[in-house]
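The values are calculated or read from the model by the stated rules, or taken from the named source; none is laboratory data. Remember, it's a predicted structure, so these values are computed and weren't measured experimentally. Cβ sites come from the backbone with ideal geometry, for glycine too, and all protein chains shown count toward neighbours. All accessible areas refer to the heavy atoms of the entire protein, side chains included, with ligands and DNA or RNA removed. Shrake-Rupley method; radii C 1.70, N 1.55, O 1.52, S 1.80 Å.
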Amino acid sequence: MSMARRDAFSLVALALFILLAANPTSVESIGVCYGMLGNDLPSRSDVVKLYQTKGIRAMRIYAPDRDTFNALKGTGIELIVDVPKDLLPSLANDASAATNWVQNNILAYDGVSFKYIAVGNELMGNDANNILGAMSNIWDAICSAGRCGQIKVSTSVRFDVLTNTYPPSNTVFGASHMGPIVNFLKNTGNPLLVNVYPYFSYAGNQDQIRLDYALFTASGTVVTDGQYQYNNLFDAMVDSVYYALEKAGGSSVGVVVSESGWPSAGGAATTVDNARTYNQNLINHVRNGTPKRPGNLETYIFAMFNENQKTGDETERHFGLFYPNQTSVYSINFN
């Protein structure tokens, strides 16, 4: 290669490096959960078009759904798909059932960007007994199909699998099923999916937790824990997970926030403005990670729509970023 060509090649390589450094793929950190518990929701194809229009590049659904899979084909939208809890006993106890599930719900849909399989959502007590077996069999089926480097297998846990969460460094797993799950995740290189809701922590402890601390709007440090300072509750909660993982022997296990959000009506501090403030600040914040683990933190906002058939407290029906007619509950920028 001549000197001139070497110099030209070096300049091109430098330009490419600068471009990649300025636009790292790791900043694509926000997805939105697509719940379907409503009798007035748009068609699956219209929902996927809305994701594309708004620049939302990742989705979570809570059970396999053929129409959603077909609408997602070729879009590049990355997907978390849940395994419903009623299937876990058979998947845990029968490897062939897990193989069939993977074949019918994952491998059969070429062109869908499956990223995670969440084996159960927020399961506790007896419901949690089959998580590990089902995860293991599904993971084996994924790997047998040559996809274990592409599709991760985990479970999505609620924050109260933890105990002693204040300050974050005191945190340990209080749920007995978590130790073996952490060991599985460590050995397979899969992350832990965690649902993190500062809203519920605030709503249940308003005399102890400041609203600005929950909304990312505190002007300075609110909690100091050793070398780390916290000006928002979200970071403190996520770092609690990291501390618990370390103590369970899972310091190498990553964390994905598989749900977080703020309702716009139905309970304490549930205004449209507070919901907008929380979710916009969440989007802006997670690319920087937490004090304990700086760097991109993949996070999924709950939820795409207000769902009128959700049960439980009134707030459960008001977490949507959009009304079922696809108009925005409040203005938000995903970029």
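Taking Glu259 as the residue in question, decide whether it is part of a strand (DSSP E or B), among the charged types (D, E, K, R) and closer than 24 Å to Val157 by Cα. It would help to see each step written out before you state the result.
Working: part of a strand (DSSP E or B): yes; among the charged types (D, E, K, R): yes; closer than 24 Å to Val157 by Cα: yes.
Answer is yes for this residue.
Please verify whether Asn232 is under 26 Å from Val47 (Cα atoms) and at pLDDT 95 or above, treating the condition exactly as stated. Please lay out each step first, then the result.
Working: under 26 Å from Val47 (Cα atoms): no; at pLDDT 95 or above: yes.
No: the conditions fail for Asn232.
So which residues in the stretch 167-185 are touching a residue at least 40 places away in the same chain (Cβ under 8 Å) and in contact with an Asp or Glu (Cβ under 9 Å, 6 or more places away or on another chain), if there are any at all?
Pro167, Pro168, Ser169, Asn170, Thr171, Ala175
Regarding Leu91, is this residue open to solvent by less than 60 Å² (accessible area, probe 1.4 Å), in contact with a Gly (Cβ under 8 Å, 6 or more places away or on another chain) and at pLDDT 95 or above?
Numbers: open to solvent by less than 60 Å² (accessible area, probe 1.4 Å): yes; in contact with a Gly (Cβ under 8 Å, 6 or more places away or on another chain): yes; at pLDDT 95 or above: yes.
The answer is yes for Leu91.
Within the stretch 251-274, how many residues turn out to be of a type in the set (A, V, I, L, M), without any contact (Cβ under 8 Å) to a residue 60 or more places away in the chain and either within 20 Å of Leu192 (Cα to Cα) or open to solvent by less than 10 Å² (accessible area, probe 1.4 Å) (or both)? Steps first, please.
Taking the stretch 251-274 first, the residues of a type in the set (A, V, I, L, M) are 253, 255-257, 265, 268-269, 272.
Narrowing further to those that are without any contact (Cβ under 8 Å) to a residue 60 or more places away in the chain: 265, 272.
Narrowing the set further to residues that are either within 20 Å of Leu192 (Cα to Cα) or open to solvent by less than 10 Å² (accessible area, probe 1.4 Å) (or both) leaves none.
Residues flagged as of a type in the set (A, V, I, L, M), without any contact (Cβ under 8 Å) to a residue 60 or more places away in the chain and either within 20 Å of Leu192 (Cα to Cα) or open to solvent by less than 10 Å² (accessible area, probe 1.4 Å) (or both) within the stretch 251-274 amount to 0.
Given the conditions (1) among the small types (Gly, Ala, Ser); (2) farther than 23 Å from Phe305 by Cβ; (3) in contact (Cβ under 8 Å) with a residue 24 or more places away in the chain; (4) part of a helix (DSSP H, G or I), report the number of the one that Ser96 does not fulfil.
Ser96 satisfies every listed condition except (3).
Just checking, how many residues over the stretch 212-237 are closer than 21 Å to Arg276 by Cα, aliphatic (A, V, I, L, M) and free of Cβ contacts under 8 Å to residues at least 60 places away in the same chain?
Qualifying residue count for the region: 2.
Restricting attention to the stretch 292-309, which residues are over 13 Å from the mean Cα position of the chain (by Cα) and open to solvent by 40 Å² or more (accessible area, probe 1.4 Å)? Write out each step before concluding.
Step one: filter the stretch 292-309 for residues over 13 Å from the mean Cα position of the chain (by Cα), giving 292-295, 304-309.
Correct list: Arg293, Pro294, Asn308, Gln309.
All but one of (1) under 27 Å from Ser328 (Cβ atoms); (2) open to solvent by 20 Å² or more (accessible area, probe 1.4 Å); (3) over 15 Å from the mean Cα position of the chain (by Cα) hold for Ala248; state the number of the condition that does not hold.
Exception for Ala248: condition (1).
Being touching a strand residue (DSSP E or B) at 6+ places or on another chain (Cβ under 7 Å) and not aromatic (Phe, Trp, Tyr) is the filter; apply it to the stretch 189-218 and report the residue that is nearest to Glu259 (Cα to Cα). Lay out the reasoning, then the answer.
First, pick out the residues of the stretch 189-218 that are touching a strand residue (DSSP E or B) at 6+ places or on another chain (Cβ under 7 Å): 190-197.
Okay, now just the ones that are also not aromatic (Phe, Trp, Tyr), so 190-196.
Values: Asn190: 18, Pro191: 14, Leu192: 12, Leu193: 9, Val194: 7, Asn195: 4, Val196: 6 Å.
Applying the filter and picking the extreme gives Asn195.
For the stretch 129-182, enumerate the residues that are among the small types (Gly, Ala, Ser) and in contact with a His (Cβ under 7 Å, 6 or more places away or on another chain). Working first, answer last.
At the first step, the residues of the stretch 129-182 found to be among the small types (Gly, Ala, Ser) are 133-134, 136, 141, 144-146, 149, 154, 156, 169, 174-176, 179.
None; the set is empty.
Do we have any residue at all in the stretch 140-157 that's among the polar types (S, T, N, Q) and more than 30 Å from Ile56 (Cβ to Cβ)? Before the answer, list the steps.
Just the residues of the stretch 140-157 that are among the polar types (S, T, N, Q), to begin with: 144, 150, 154-156.
From what's left, more than 30 Å from Ile56 (Cβ to Cβ): 144.
Checked the stretch 140-157: at least one residue is among the polar types (S, T, N, Q) and more than 30 Å from Ile56 (Cβ to Cβ).
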